[in-house]
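Reviewing the structure listed below.
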Amino acid sequence: MSLWSRIANAFRPDCLNRDIEEELASHLAEAIEQGRDQAEARRALGRAAQHQQQSHDVHVIAWLESMRADLIFGWRQLKRNKATSVAATLSLALAIGACTSAFRLIDALLLRPLPVAHADRLYVLSRKGMGFDNKPGEWESWAYHAFVQMRDAAKGQADLIAISYAVRTDVTYKTDQEMEKANLQYVSGSMFNIFDLQPALGRLLTTNDDRTPGAEPYAVISFDYWTRRFARDPRVIGRAIHIGDNTYEIVGVSEKKFTGTEPGTFVDIFVPTMMHRHVTYPNSTWIRTMVVLQPGATAEPLRQKFAAISHAFETNRLKGETGLSQETLRNVLNNQVLMEPAPTGASGLQQDYRRALAALGVLVAMVLLIACANVANLMTAQAAARAREMALRVSVGAGRWRLVQMVLAESALLAFFASASGALFAWWSAPFVIGMINPPDNPVRLVLPADWRVLGFGIALTIAVIVLFGLLPALRASSVKPASVLKGGENPHSRRRLMHGMIALQVAFCFLVLFIAGLFVATFKRLSAQPTGFSAERLMMLETTSRPAQSQVHWDQIADRLRAMPGVERVAQAAWPLLGGSSWNDAISINGGPPSTDLAYFLNVSPGWLDTMKIPLLGGRDFRNSDAYPNVALVNEAFAKKFLNGEHPVGRFFEKASDDAKRDRMQVVGLVRDAYYSNIHEPMLPVVYVPVHSTDSTGIFRPLDEETFIVRTTAPNPLALASILRHEVPRVGAQFHVSNIRTQEEIDQAQTVRERLLATLAFFFGAVALLLASIGLYGVLNYSVMQQQRELGIRIALGGRLGHVARRVTTGVVSALLSGMLAGLILGLVSARYVESLLYQVKASDPAMLVIPAMVIFGAGLVAAIPPIFRALHIDPVAMLRVE
C-alpha cells in the first residue's frame, strides 16, 4: 500500500473500518461457499477483532492516526471550556500578533536584503570620529572626487557605486501647471548593471550616461512611481521632467522589485550623478559610497586602501584652511574609515530606529512570555482537574509519551487559533505603526510582504509558544501515578508552588515592561513639554521657490500681499523654519583671533521675524529693511556665553570664518532669547541671525531662488488659509510657486515622532502585560481557594478568624508577587542601560520610575485578589462538611 493511501486512511477511520469489516465478511462468505461450516470458518479466520486491528494497523500510520484522535479530543476539551479557551486564545493572539508585527517592521527595515544581485557582498563606506563641529559621530557622506579615487583604486577587487541621499524635491511636467513632490536620487550610471537589474520599460542608465558633468540629462523612474503617477502608461518614455534648472528625458522604468537602496524611502526618479551641481566641488560631501566585492576579494585590505586614499584626499583638501581651528583639522584627519556590510541597504531611518525597534521587540517578547505563563497556569489547573482521567489512562496501558502528545495536541490547537487571530492583528498593526512615524511632508514607506520569511517566523513562533505554555503542563500530566490518585491525589502544595512560580515570572516580566514603558512615556512627556523658545501656535510655513531666482523686491512684494490678506496677523521671511532640519554653521573669530573650535549656527531672517515667532529681544534692536548680510547680526544668549564670555554683545564685532578661508565681519545689533535651532534633543546651540537678503562685493542685492514665509494667523487653525495663500503667492509672478505648506506645530511634533511611537506602543504593551498578569493572579488565587475550600470551611466552622483565612489564601501569592517585583526591578536596572540613548532627561535610577510600576502591579494584584478572597470568606461550612 502506498504512503499516501496510509496517510489518507488516518483521516478516514470509519470508512477504513467499514472496508476491513467488508473484507473479513467476504472471506467468511467465500469459505462458506466452498462448503465449510460457518462456525468452523470463523474459527479458521480467528478472532475478528484481532484481525480487524491487525489489518487496521497495516493500512494506517499509527502515530498520525493517534495525532488525529488527540486533536479531535483536544477540540472537544476546548469546546467544553469555552470561556477559558477564548480568554487564552485572545491573550495569546494579541501577544503572537504583536511579535509578528514587530518582526515585520524589523525585517523590512533591518533584515530584508535588497532585491539586487550580490546583496551578500554589498558594503557601505563611512567615517567615524570627530566632525567639523568637534562632536563624535559617524558619517556616510563622501565628496565625489574622493569616490572617484577610491573607485579607480578598487578596480578588479570591487565595484563602487555613488548614490546620493534620496531627497523629496519639486518636479514639473511639461503638461502640468503645478509642481509636485517626488523622491529624487543621483546614482552612478553603472548601478543598474552592477545590481543586475532589468528595465520594465525602455532602458536603464549606463556608464555612458554618467561621464561628463551636466551633459546627459536622462532619468529612470521606478515601477512604483510609474504606477502611481502615470498608471503604467507606456508613452511615459521620452516625456520631459523639469527638476530645478534642468530638464530630463525619461528613458526607462526600473524593475518592479527595486525601489532604491534606502529602506523606508521609495525612490521615484533616478538621474546620473554627473547631473548634480556639486559633482565638481571637492568640498561638498553629498553621496553614499556602496561597495560590491568581487568573488574572492576580502573587505579589510580594501578598507585599508580606502582609508589611505581618504586621509590623503582630506589632507590635500584641507591644506591651507584658515577657517578651521588646528584642533578641528587634527580631529577630522584622524577619522577612521569603516566598511560595514549593507545587504539591506543604508538609510537614516535604520540608524534612527534600530534601537527603538529592538526595544519594542523586547517588550513584545515579554508580553508573549507573560501570556504563555498565564496559559501554562491555566493548563496546569486543568491538568489537576483531569488527574483521575490521566490515572485511568495510565492504568489501561497508556505510555507517558502518549499522554504528553495528547496534552500537547490541545495546546497546539490553542496556539493555532491564536496564531490565526494574531496574523490578522499583525496584518493590520504593522502598517498602523508605520503611519505613526510618518511625517506629513515625507512619508515612510516599507515593503511589508506576507512572504515565506514572515510565514516561517510565524510557524517558528507558534511552535515556540506550544513548547512554552504546553510542555510543562503536559509533562506534569503524564507523570501522574494511579496509586497516588486513588489515595486522594498528589500533594497539592507542589502544584501550587509551580503556579506561584509562574506568577512570579509573570510579575517580573510585567514589572520590566511597565518600567521600560514608564521611561519612554516620561521621555515623551518631557520632550513634548520642553519650551522651544518660540510660540508655534497659529504659525504656518509657506516654503516658496522661484525659477529663475528673483530679486529682493519681488520677495518683499509677496510678503506685503500676504500681510494684506484677511485672517493674517503677521508675516515674516526666513531661509527655513526653526526645527525644520536644515542648518548652516561656521567657526567664529573674535577680535581677529583664530577660528573657534566650536561652531556657531546661522539663519537668514527678515525684519519682524522675532515678533512673528514671539522670540523676545533682550537688548539692542531688530533688523531694518536696509540691513543686509553680512553687515549686521542678531545673536542669542548661548552665543554670548560661548564666544563673548557672557558679556553684553550689542555693538561687538566678530567674524564668520568659512571653510574656504573667507571671513565675513559682522556687528551685533541685538541680543535675543535662546530658541531651539534644529533639534530639541540637543543642548541649546549658539545661533546668529543674519538678514534674509544679502549683497555681493559691489553692494548689489543677490537674487534668491527660495524662501520660507512665516505666517501667523488670527484663526486657531492656520491651515484654513493654506489654499488661499498658496494661490496668492504666484500673483506677484508666475515664476513663484509654493512647494510645501506646514504648520510650526507639525514641525515641532516631528521632533518627537520616535518618542511618541515608543511611548504609545510601550504604554499599550504595558497595559496588556498588566491585564494578563492580573488575570493570571486571579486564576491562581481562585484555584487556591477551590483546592482549599473544604479545609477553609472546617477552619471557619471551628471559629477561625476571617483575617487568618484571607492570609492563608493569599500568603503564597503575595510572596510570588514580591519575588516577581524584586526580580523585575533587577531586570529593569540591568536593561535600562541599553535604552539610555532613547531617553531624554530621564534616569532609570529615579525612585519614581521604580516605585510607580510596583504600585501599579500591587494595585492590580489587589483588585484581582478581591473576588477569590470574597469567595473564601463566604464559604458555607455546612456545605463543605456535608458527606458527598
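The values are calculated or read from the model by the stated rules, or taken from the named source; none is laboratory data. Nothing here was measured: the structure is a model prediction, and the numbers come from that model. Cβ sites come from the backbone with ideal geometry, for glycine too, and all protein chains shown count toward neighbours. Ligands, DNA and RNA are stripped out before the accessible areas are found, and what is left, the full protein with its side chains, is counted by its heavy atoms. Shrake-Rupley method; radii C 1.70, N 1.55, O 1.52, S 1.80 Å.
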Once a ≥ b ≥ c are taken as the square roots of the eigenvalues of the Cα gyration tensor of the range 138-291, is the result rounded (a/c under 1.5), prolate (a/b larger than b/c) or oblate (a/b not larger than b/c)? prolate
Sorted by mean Cβ packing within 10 Å, highest first, what order do the peptides 449-460, 159-170 take? 159-170, 449-460
A student applying the Cα gyration tensor rule (rounded when a/c is under 1.5; otherwise prolate if a/b is larger than b/c, oblate if not) would label the range 648-759 oblate
Please list, in order along the range 828-834, the HN-Hα scalar couplings obtained from phi with the Karplus expression 6.51 cos²θ - 1.76 cosθ + 1.60 (θ = phi - 60°), rounded to whole Hz, x for Gly and Pro. x, 5, 5, 7, 4, 5, 7
Using alpha-carbon pairs under 8 Å, 6+ residues apart, how would you state the relative contact order of the range 215-256 in percent? 54 percent
Percent carbon-and-sulfur accessible area, the range 97-157, ignoring ligands, DNA and RNA, probe 1.4 Å: 56 percent
So for the range 238-306, averaging the separation of alpha carbon pairs under 8 Å that are six or more residues apart and normalising by length, what relative contact order in percent results? 12 percent
Could you please report the charge total around Q198, scoring K, R as +1 and D, E as -1 over all other residues with beta-carbon less than 15 angstrom from its beta-carbon? +1
Can you work out ³J(HN,Hα) from phi for every residue in the range 811-821, in order, using Karplus 6.51 cos²θ - 1.76 cosθ + 1.60 and θ = phi - 60°, giving whole Hz and x for Gly and Pro? 4, x, 5, 4, 4, 5, 5, 5, 4, x, 5
Could you sort out which of K305/K662; K128/K843; K305/K656; K135/K319 sit more than 30 Å apart by Cα distance in this structure? K305/K662; K305/K656
Can you check what the net charge comes to around T169, using other residues whose Cβ is under 11 Å from the Cβ of T169 (Lys, Arg +1; Asp, Glu -1)? -1
Let me have the relative contact order for the range 76-175, percent, based on Cα pairs under 8 Å that are six or more residues apart. 10 percent
Less than 28 Å apart at the alpha-carbon level, and either on another chain or at least 8 residues along: which lysines does that give for K257? K181
Per the C-alpha gyration tensor (a ≥ b ≥ c, the square roots of its eigenvalues), the range 823-874 is rounded if a/c is under 1.5, else prolate if a/b beats b/c, else oblate; here it's prolate
Please list the non-local residues whose amide H lies under 5 Å from the amide H of S606, H modeled 1.01 Å from N, same-chain partners needing a gap of 5 or more. Q573, V692
As a test of reading the structure, rank W286, W75 by solvent-accessible area (1.4 Å probe, protein chains only), most first. W75, W286
For L338, the residues 5 or more places away or on another chain with a placed amide H closer than 5 Å to its own amide H are S126, R127, K128
Starting at the first residue of the range 88-104, write each ³J(HN,Hα) from the Karplus equation 6.51 cos²θ - 1.76 cosθ + 1.60 with θ = phi - 60°, in whole Hz, x for Gly and Pro. 5, 5, 5, 5, 5, 4, 4, 5, 5, x, 5, 5, 5, 4, 4, 5, 4
For E300, E262, write out the residues from largest to smallest accessible area, computed with a 1.4 angstrom probe and no ligands counted. E300, E262
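Of R790, R211, which has the most accessible area with a 1.4 Å probe, and how do the rest follow in descending order? Before the final figure, lay out each step's value.
Values: R790 120, R211 145 Å².
Largest to smallest exposure gives the sequence R211, R790.
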